[in-house]
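First up is the structure itself, then whatever we jot down about it.
Taken together, the values in this text are just the output of simple stated rules run on the coordinates, not laboratory data. What you see is a predicted model, and the numbers here were worked out from it, not measured in a lab. Cβ placement follows ideal geometry from the backbone for every residue including glycine, while neighbour counts extend to all protein chains displayed.
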Amino acid sequence: MNTATQLLRTLRRTTPRLARTLNTRSGPSAPSMLIRQPWKTRTAALLTAGGSATILRAAWAPTSKRAMCASAAASSVSDSIAVSAKPAAHISDIDILLYQYKICPFCNKIKAFLDFYGLKYRTVEVNPLSKDEIKNQLDTTYRKVPICVINGETVCDSSVILQTLQDLLHDRGVLLPSHHTTPRLLAKEQEEQEETSSSTSSVERVWTEWVDKDLAVLLFPNITRNFPESWQAFAYINDVDTFSTTQKMLNRVLGPVAMWAAQGKIKKKYNIEDERAAMFKAVYKWADAVEASGDKFQGGRLPSLADVCVFGCLRSISGLDTHTEVVNDPRVKEWYNAMAIVVGPTTEE
Ligand SMILES: N[C@@H](CCC(=O)N[C@@H](CS)C(=O)NCC(=O)O)C(=O)O
């Protein structure tokens, strides 16, 4: 049974109202026509329709949202309509709470994955100075973010969180096959790897590791090159409703100072001389990989897991000057904008 059939069955079982709507819809209206296709094909077909696409989250969105999206699409002057199906948007039995720093690349990698699949989640903004939220609310000695509480289980480290989420989505039949890089498959892959030197998923794994080890670590020194930049990077603190005025004031002042002071140490640790040159070298390495695919994404017509991770990593510094510079680079812009469409805005609640 293919993924689309499985999904449709699950959907019919779990959301009878939507099932009735789908079953009784007469004629080949766009959503009903699309929902019968594998979401993979559907998204790809629409993504490659070209032009400035409008996202119509019709297939998996609740009725009111569907109506809203449909009218937005209808009033759009764009030359094509892309339906970005969110294959996991109907899954409500996975409870996800993400402990994060808003500008943490590892946290944003997870958020991009959740947004791509349409999984709903809540976030807890961690006070970077005290880390009280982790200390008071979680039973762990781990003191970094992201930490994710998934169905009551505390999972630390972005790569472990990602694997846990992949497993959960795989079990529900909604994970893109190319996004399945869990250890369960790794053993098999390793066998295959002995036969073929570059399987798709081993390439995927190399890139996802590259995001953590190369790209993510380059962002920090690039957003803290001087005090004004560090100040800008900590501006988000003002918008954290859960922080008291004192917490905001302390973080607003001490945060940028600490970040600026740490910049040199980080550069030394990772052997970075010219952070701007190093970041663009990394970003262009990625642009080369996208170009080599001959399509919109590194994964081809559909984003690979690496596409999602790189995008999340870069989105972490949204609103900062470095972000503007990177995403407006002619070698990055088209890919980034296409990713922004497929990942969509955050489904954070
Ligand atoms: N390997 C970890 C790295 C996480 C990490 O380094 N997070 C940083 C924030 S971007 C952190 O929490 N650093 C400790 C601190 O702020 O004290 C992962 O992938 O989750």
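May I ask you to derive the relative contact order of segment 96-343, considering only C-alpha pairs under 8 Å and at least 6 residues apart, and to give it as an integer percent?
Once normalised by length, the contact order is 25 percent.
For segment 96-343, just say rounded, prolate or oblate: build the C-alpha gyration tensor, square-root its eigenvalues into a ≥ b ≥ c, call rounded for a/c under 1.5, and beyond that prolate if a/b exceeds b/c, oblate if not.
Here segment 96-343 falls in the oblate category.
Set the Förster radius R0 to 25 Å, insert the Cβ-Cβ distance between residue 334 and residue 93 as r into 1/(1 + (r/R0)^6), and round the FRET efficiency to 0.05.
Working from the Cβ atoms, E equals 0.10.
Please list the non-local residues whose amide H lies under 5 Å from the amide H of residue 124, H modeled 1.01 Å from N, same-chain partners needing a gap of 5 or more.
Distant-sequence amide H within range of residue 124: 98, 99, 100.
Once the piece of chain linking residue 301 and residue 250 is laid out straight, how much longer is it, given 0.36 nm per residue of separation minus the C-alpha distance between them?
13.7 nm
Once you keep just the Cα pairs under 8 angstrom separated by 6 or more residues, what percentage relative contact order results for segment 271-349?
24 percent
State, to one decimal in nm, how far the label point of residue 122 lies from the label point of residue 276, with both points 7 Å from Cα in the Cβ direction.
Result for the modelled spin labels: 4.4 nm.
Answer rounded, prolate or oblate for segment 247-313, using the Cα gyration tensor with square roots of eigenvalues a ≥ b ≥ c: rounded when a/c is under 1.5, else prolate when a/b is larger than b/c, else oblate.
oblate
Taking 0.36 nm per residue of separation and subtracting the Cα-Cα distance, what length does fully extending residue 159 through residue 140 add?
Extending this stretch completely gives an extra 5.1 nm.
Would you mind putting 94-103, 259-268 in packing order, based on average other-beta-carbon counts within 10 Å, highest first?
94-103, 259-268
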